[in-house]
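In what follows, a structure is listed as structure tokens, so that the remarks can point back to it.
What follows draws every value from the coordinates through simple rules; no lab data is involved. Computed from a prediction, not measured in an experiment: that's the story for all the values here. Cβ sites come from the backbone with ideal geometry, for glycine too, and all protein chains shown count toward neighbours.
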């Protein structure tokens, strides 16, 4: 009789990063002027290092709260059928800071294109949440505290890749749509469609199809655009070989 196989190891940092990169909205908790927690629904994107990015209106209560007290948390939850508590969720803890960096605007709008309609209104501003830590619940008996280092992506040595991101994304979306669909279906287990690249970083590629998201994790760290081209070519070839076998 075959011996029972042990369950796969629980990769808490890996699942935490996956939720951070794929969930597009979450519950933002700020601290009100009376010290009472105040939770609201917000749309979320990520900086190349994984820091959550927000776009908020000055008319919103959470904006006034962040201006006064920058400590926040964001709950990012995966949804699905059945018991909501059976699905993984991540709480990110950090400090929010308003920013006018063009990179952050571009990253957010790539993830939420419809926000371009109001992103430049005078009362709207972008915020970046510096991660201080987090807590992951991956389902029954799968909970773990996560440090900032567990969730952040180290950008050391990857400056050239970060700088090249806008051009690389435009090239992928204009000239390599077939490859993007291969990545989504063959590597991320997503459904077929006209997938687009919305972001990249040293650890992976973010994809979108309407409101759907997918994340392709690179087999090794990528620091330079030349390395990116080779890794993406190899991944596309891998999927094509798998389909042909």
Legend entry - Where a label projected 7 Å from the Cα of residue 223 along Cα→Cβ would reach, residues of the stretch 138-171 with amide N under 13 Å: 154-162
Legend entry - Residue among 61, 193, 35 with the largest mean-square fluctuation in a Gaussian network model of the chain, springs linking Cα atoms under 10 Å: 35
Inset, instruction - Would you kindly calculate the translational diffusion coefficient of the stretch 159-244, applying Stokes-Einstein with the Kirkwood radius from alpha carbon pairs, for 37 °C and a viscosity of 0.692 mPa s, and quote it in µm² s⁻¹ without decimals? - result: 257
Legend entry - Extension gain from residue 10 to residue 120, taking 0.36 nm per residue of separation minus the Cα-Cα distance: 35.4 nm
Legend entry - Overall form of the stretch 199-245 per C-alpha gyration tensor (a/c, 1.5; a/b vs b/c): oblate
Legend entry - Residues 226, 81, 17 arranged by fewest to most Cβ contacts within 10 Å: 81, 226, 17
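In the P(r) worked out for the chain, what percent of Cα pairs fall beyond 26 Å?
Details: 12592 of 29890 pairs.
Of all Cα-Cα distances in the chain, 42 percent exceed 26 Å.
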Inset, instruction - At 0.36 nm per residue, minus the direct Cα-Cα distance, what do residue 238 and residue 34 gain on full extension? Give it in nm, one decimal, please. - result: 67.8 nm
Legend entry - the stretch 12-151 - percent relative contact order, Cα under 8 Å, separation 6 or more: 27
Inset, instruction - May I ask for the angle, rounded to the nearest 10°, between helix 102-111 and the longest principal axis of the chain, with both axes built from Cα atoms and the value confined to 0 to 90°? - result: 70
Inset, instruction - Treating the angle as unsigned and between 0 and 90°, give the value, to the nearest 10°, between the Cα long axis of helix 159-175 and the longest Cα principal axis of the chain. - result: 70
Inset, instruction - Determine the relative contact order of the chain: mean sequence separation of Cα pairs under 8 Å and six or more apart, normalised by residue count, in whole percent. - result: 17
Inset, instruction - Before rounding to the nearest 500, sum -39500 (n - 2.57) across all DSSP H runs of length at least 4 in the chain and divide by the residue total; then give [θ] at 222 nm in deg cm²/dmol. - result: -9500 deg cm²/dmol
Inset, instruction - With only alpha-carbon atoms counted, please give the Rg and Dmax of the stretch 12-151, in Å. - result: 14.8, 46
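Would you mind classifying the stretch 137-184 by shape? Square roots of the alpha carbon gyration tensor eigenvalues, ordered a ≥ b ≥ c; an a/c under 1.5 is rounded, otherwise it is prolate if a/b is larger than b/c and oblate if not.
Working: a/c = 5.40, a/b = 1.58, b/c = 3.41.
Oblate, since a/c reaches 1.5 and b/c is not below a/b.
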Legend entry - Per-pair calculated FRET efficiency, R0 = 35 Å: residue 79 and residue 177 via Cβ, rounded to 0.05: 0.80
Legend entry - Which of 216, 162 has the fewest Cβ neighbours within 10 Å, and the rest in rising order: 162, 216
Legend entry - Candidates 196, 229, 95: whichever shows maximal mean-square fluctuation once the chain is modelled as a Gaussian network with Cα springs under 10 Å: 229
Legend entry - Nearest 10 degrees, 0 to 90: helix 225-244 Cα axis against the chain principal axis: 60
